[in-house]
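Asker: Just dropping this structure here.
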Amino acid sequence: MGVAALVLAIIAIVFGMLPLIYTQLVGIVVGIVAVVLGVWGRKLASDQGQPTGFSTTGAALGLVAVVLSAVLYGTFIYSAGRVGDELVNKIGSEFQRTSERGGAEFRKAVEHAIQRAKVEATKPLTPPGPKPVPKVAPKPVPKLAPKLAPKLAPKPAPKLAPELVPRPAPKVPKPAPSKQPPKKPAR
């Protein structure tokens, strides 16, 4: 029981310190379980005459985890509420200022769009279809082939220096067969 309480208390402290949503609540619940197991394990160990160190440590760390998780959770909730209120106030005042200033501008833009639509409506409609493409005479292409032929012809490969030319490997004579019989391995 004592080891389980200690392990759960450590897990509760870790979860209590994570800055994620609702991990502090997990830290509180697991910390409470660690305190219960620590107290229960301490009682069982003392009744049986065994050491109570793990149980006591588990219960104490579980209590620390519960307090730490509760304080951090309260701090996060309070901070989130303050930030939310500030955002609502800022967005609300910005929206009000924009609507007061932008109302007249919006009406002018709508009136201008209506005037443009009326002008476009009075223009005659052109039938849809492809527009005629003007015919353009092609430009004569100069004959460049005789001038470029020498430049584009393949060039011969450069000759290698004599030390870079590969040579065949020298032949190594085969060793003469030995006349002694092979040795038998010892057993």
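Asker: Would you confirm whether any residue within the stretch 108-119 is modelled with pLDDT of 90 or more and either loosely packed, with under 11 Cβ neighbours inside 10 Å or not in a helix (DSSP H, G or I) (or both)?
Answerer: No; the residues of the stretch 108-119 include none that is modelled with pLDDT of 90 or more and either loosely packed, with under 11 Cβ neighbours inside 10 Å or not in a helix (DSSP H, G or I) (or both).
Asker: Go through the stretch 1-34 and count every residue that is outside any helix (DSSP H, G or I) and under 24 Å from residue 51 (Cα atoms).
Answerer: The total comes to 1.
Asker: What are the pairs with Cβ atoms under 9 angstrom where one residue, in the stretch 54-66, is without any contact (Cβ under 8 Å) to a residue 40 or more places away in the chain and the other, located anywhere, is surrounded by 18 or more Cβ atoms within 10 Å (Cβ to Cβ) and of a type in the set (Phe, Trp, Tyr)? Sequence gap at least six, or different chains.
Answerer: Listed pairs, sorted by first residue: none to list.
Asker: If I filter the stretch 64-82 for residues that are within 13 Å of residue 2 (Cβ to Cβ) and in contact with a helix residue (DSSP H, G or I) (Cβ under 8 Å, 6 or more places away or on another chain), do I get at least one hit?
Answerer: The answer is no, given that none of the residues of the stretch 64-82 is within 13 Å of residue 2 (Cβ to Cβ) and in contact with a helix residue (DSSP H, G or I) (Cβ under 8 Å, 6 or more places away or on another chain).
Asker: Select from the stretch 1-25 the residues that are touching a Ser or Thr at 6+ places or on another chain (Cβ under 8 Å), more than 12 Å from residue 68 (Cα to Cα) and either at pLDDT 90 or above or among the aliphatic types (A, V, I, L, M) (or both) and list them in ascending order.
Answerer: Within the stretch 1-25, 1, 5, 6 meet the criteria.
The values are calculated or read from the model by the stated rules, or taken from the named source; none is laboratory data. All figures in this text were calculated on a predicted structure; none of them were measured in a lab. Here Cβ is always computed from backbone atoms with ideal geometry, including for glycine, and neighbour counts include all displayed protein chains.
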